[in-house]
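The values are calculated or read from the model by the stated rules, or taken from the named source; none is laboratory data. None of the values given here were measured: they were computed from a predicted structure. Here the Cβ is made from the backbone with ideal geometry for all residues, glycine too, and neighbour counts use every protein chain on show. Only protein heavy atoms, including side chains, enter the accessible area calculation; ligands, DNA and RNA are left aside. Shrake-Rupley method; radii C 1.70, N 1.55, O 1.52, S 1.80 Å.
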Amino acid sequence: MSRARAVLPFEVTHRGVLAIAVPMTLAYLSTPLVGLTDTAVIGRLGDAALLGGIAIGAIVFDVLFTTFNFLRAGTTGLTAQAFGADDVIEQRAILVRSVLVALAAGLVVIVLRQPLLDLGMMAMSASAEVEAAGRSYFEVRIYATPFVLLNYTILGWFLGLGRARTGLLLQLLLNGVNIVLDIYFVAELGWGVEGAAAATLIAEALTAIAGGVLALAATTHGERPAWSTIFCADAFKTMFAVNRDIMIRSFSLLAAFAFFTREGARAGDITLAANAILMNLFLIGGYFLDGFATAAEQLAGRAIGARWRPAFDRAVTITFVWSIGLGGMLSAIFFAFGPMLIDGLTTNGEVRDVARVFLFWAALTPIVGAVAFQMDGVFIGSTWSDDMRNMMLASLAAYFAIWWFAVPVWGNHGLWLALLAFLGLRGVSLYWRLIKRRERAFASPGMVS
């Protein structure tokens, strides 16, 4: 235990949750639109190998960048707690620390780009045509890495302060520029998968510049942290401990999705393309749910920093209700309009037919995964990263076990069953751990554990 700290009460309401969730839902919803645009403009070329190349290239970057998602999530949780504690100096120190880590990590990734590419392609086990397209995509987009990681950090910092509208503006800029350039480079100039990658590179760079300007403007007035505060050993130790666990969690999550794509590739290019189409539906549902997960991050983290349990409990309850309701609504929409969405994403008749067969599973993902998204937000904001890591690893083990038994019997249906079980188990296990962690966190309101 350390020194006593004042309790700083604040109220959590439906309006306050929506003030964060709605802007970030709109922001996150624009992100899968980039994937949909990539799929649509390449899919219109009628070449399943190019569509598969975009799919495996995107998965490689998803694995790479989501491994570093701690720069967004960890920054949000730590900043929200500093905000709840009314510690302005620490809020600004967290930003500088995270930016330094982002820049260093981005440069390391560029230096290691060739072995990362070789490893990613080897893991996908795709056909020669699909692999060639995936390599072309990777070799352009990899240079966006420092900008991607800076954008994670800046977005996380603004979200930790509860400035969801700023986060919305940054995400709309990123994804809007990406979509416009994607259509222009691929559909108009005929640059193929290289054009889609170039669009992403330019969009990430422009957004990093804009976000940096906004962050500087937000920290111009008032006291700035001393270098001794920024480079405080204990602060870096806490930051790296939280980020390590979030990185393991994020890598495990993307490993599950990468494995899903790999198994689709082993079933053939048509199944790979069909699964890629359906995973876009899952991503749409996920980014809707991420809005309320973000609200849970900010409000739970702020409540932990303020040492105010009523706000924490209220944040958990309200975000749970909204997440379940939204997940159910999204599943109903996907069941009703899924065939129409599939037809809009590809002109390949075989891919359309196979995607319709497995639409049932993709349509269930929002309601099955709703609690997992919400609990992730609570645990990230509270910086209970060790439990989040452990429950992720346990759920991943269950995912592989179900795959082992189900795929030989049901094929691609068994693969989708394993994925849904993975999503559901994460939510249940995290809620179980929440009960114990909450009691421990607020056992002594005036003290910091």
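Placing +1 at every Lys and Arg Cβ and -1 at every Asp and Glu Cβ, with all other atoms neutral, what dipole size does the chain have around its Cα centre, in debye to the nearest 20? Before the final figure, lay out each step's value.
Numbers: 31 positive and 30 negative charges, 324 e Å.
Dipole about the Cα centre, nearest 20: 1560 debye.
Who wins for biggest fluctuation among A196, A128, A241 in a Gaussian network model of the chain, springs between alpha carbons below 10 Å?
Looking only at A196, A128, A241, the largest GNM fluctuation is found for A128.
How large is the translational diffusion coefficient of segment 280-321 in µm² per second when you combine the Kirkwood radius over alpha carbon pairs with Stokes-Einstein at 37 °C and 0.692 mPa s? Write out the running numbers ahead of the final one.
Details: Rh = 10.9 Å.
Once the numbers are plugged in, D ends up at 302 µm²/s.
I'd like the carbon and sulfur percentage of the solvent accessible area for the chain, probe radius 1.4 Å, heavy atoms only, ligands and nucleic acids excluded.
On the way: 12150 of 17860 Å².
C and S fraction of accessible area: 68 percent.
Return, for the Cα atoms of the chain, the radius of gyration and Dmax in Å, separated by a comma.
Rg then Dmax for the chain, in Å: 21.4, 67.
Simple spin-label model, 7 Å along Cα-to-Cβ: M340 to D313 in nm?
The answer from the label model is 4.4 nm.
Among A105, A27, A372, determine the one that fluctuates most according to a GNM of the chain built with springs between C-alpha atoms less than 10 Å apart.
Comparing A105, A27, A372 in the GNM, the peak value goes to A105.
How large is the Rg to Rh ratio of segment 374-417 when both quantities use alpha carbon positions and Rh follows Kirkwood?
Numbers: Rg = 14.2 Å, Rh = 11.8 Å.
Over the Cα atoms of segment 374-417, Rg/Rh equals 1.20.
How far is helix 113-124 tilted, in degrees, relative to the longest principal axis of the Cα atoms in the chain, given as a value from 0 to 90 rounded to the nearest 10?
Approximately 60 degrees, to the nearest ten.
Arranged from highest to lowest average of other beta-carbon atoms within 10 Å per residue, in what order do the peptides 323-334, 272-283, 57-68, 72-83 appear?
Values: 323-334: 18.8, 272-283: 26.3, 57-68: 22.2, 72-83: 27.8.
Taking the mean over residues of other Cβ atoms within 10 Å, the ranking is 72-83, 272-283, 57-68, 323-334.
In segment 277-359, with Lys and Arg counted as +1 and Asp and Glu as -1 at Cβ, which of these residues, A295, F282, F337, has the Cα nearest the positive end of the dipole, that is, farthest along it?
A295
Expressed as a whole percent, how much of the Cα-Cα distance distribution for segment 338-445 exceeds 24 Å?
Values: 2358 of 5778 pairs.
It works out to 41 percent of all Cα pairs.
With label points built 7 Å along Cα→Cβ from the Cα atoms of V88 and Q114, find their separation and express it in nm.
Each label point lies 7 Å from its Cα, and together they span 5.1 nm.
What number in nm² do you get for segment 158-199 if you take the convex hull of its Cα atoms and divide its surface by four? Don't skip to the answer; put the middle values down first.
Working: hull surface 11.9 nm².
Projected area, direction-averaged: 3.0 nm².
Report, to one decimal in Å, the Kirkwood hydrodynamic radius for segment 103-241 based on all distinct Cα pairs.
By the Kirkwood definition, the hydrodynamic radius is 17.3 Å.
Treating the angle as unsigned and between 0 and 90°, give the value, to the nearest 10°, between the Cα long axis of helix 164-182 and the longest Cα principal axis of the chain.
That helix lies at roughly 20 degrees to the long axis.
Would you mind estimating how fast segment 212-289 diffuses translationally, via Stokes-Einstein at 10 °C and 1.306 mPa s with the Kirkwood radius over Cα pairs, in µm²/s? It would help to have the intermediate numbers written out before the result.
Details: Rh = 16.7 Å.
The Stokes-Einstein estimate is 95 µm²/s.
Taking 0.36 nm per residue of sequence separation and subtracting the Cα-Cα distance, how much length would be gained by fully extending the chain between R356 and R266, in nm to one decimal? Walk me through the numbers on the way to the answer.
Details: separation 90, 0.36 × 90 = 32.40 nm, distance 1.94 nm.
Answer, rounded to one decimal: 30.5 nm.
Residue by residue through segment 373-380, what is 3J(HN,Hα) from phi via Karplus (6.51 cos²θ - 1.76 cosθ + 1.60, θ = phi - 60°)? Round to whole Hz and write x for glycine and proline.
With coefficients 6.51, -1.76 and 1.60, one gets 4, 5, 5, 4, x, 4, 6, 5 Hz.
Would you kindly compute the Cα radius of gyration of segment 240-365 and its largest Cα-Cα separation (Dmax), both in Å?
That works out to 18.3, 57 Å for Rg and Dmax.
Could you list the GluC sites (Glu not before Pro) in segment 133-223 that lie in coil according to DSSP, counting only those with at most 10 other Cβ atoms within 10 Å of their Cβ? Walk me through the intermediate numbers first.
Numbers: sites: E139, E188, E194, E204, E223; in loops: E223.
Filter output for segment 133-223: E223.
At a threshold of 8 angstrom on Cα-Cα distance, excluding pairs fewer than six apart, so keeping six or more, what relative contact order does the chain reach in percent?
On the way: 731 pairs, mean separation 122.5, N = 449.
27 percent.
Sorted by mean Cβ packing within 10 Å, highest first, what order do the peptides 142-148, 381-387, 263-269 take?
Values: 142-148: 21.7, 381-387: 23.7, 263-269: 19.9.
Highest-to-lowest ranking by the protection proxy: 381-387, 142-148, 263-269.
Over the chain, give the accessible area per residue in Å² for a 1.4 Å probe, as an integer. Before the final figure, lay out the partial values.
Working: 17860 Å² over 449 residues.
With the other protein chains kept in place, the chain gives 40 Å² per residue.
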